[in-house]
Amino acid sequence: MKKILVILMLFAAMLIPVASADIVDDMDNKVNEYNQNAEYVPSYLKSLLGDEVIKLVIVTDEGDERYVKAITEDGYITTFEEVDEGTEFDATMIVGANEATVRTIINSGDPLNEFISAKDNGEIVIEPVGLVSTVKYTVGNVVMKVSSFFGF
């Protein structure tokens, strides 16, 4: 009887869905890899997101919201930390995406083009905060579109 009970418990454990890996941890693990390749990020994209304090909002597959504070300097990520929803900091940009989009980007063989495609398709929403960020974002966005038109 004990063997049957143990087998049933093992079988039941196999049917329980495995929790997905934590999206923020997965992104954090990619920060060093990104920084090692930051020199290859096009200058127009660096001008768009290169020196920012970003509040990243990720909607998980379960429907929860996760918040990350990311600081970029000269295109490199210098700070990447999860924060609570109400944490106050002087964000210059708010970026929103769902977990599936973020996973597609971080698991892609070409994350830069995947990011640009997701942005163009509206899967990533970027909202500048304040006048200076809005102007910089608008100019960077135009440069990015012109560059893609000419195949850069």
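So for the stretch 20-149, what are the equivalent ellipsoid semi-axes in whole Å, largest first, each being the square root of 5 times an eigenvalue of the Cα gyration tensor?
Over the Cα atoms of the stretch 20-149, the semi-axes work out to 21, 18, 15 Å.
About the Cα centre of the stretch 20-149, what is the dipole size in debye to 20, counting +1 per Lys and Arg Cβ and -1 per Asp and Glu Cβ, all else neutral?
760
Throughout, read-outs are computed from the coordinates displayed, never taken from laboratory work. Given the structure is predicted, the values throughout are model-derived calculations rather than measurements. Backbone-built Cβ (ideal geometry, glycine too); neighbour counts: all protein chains shown.
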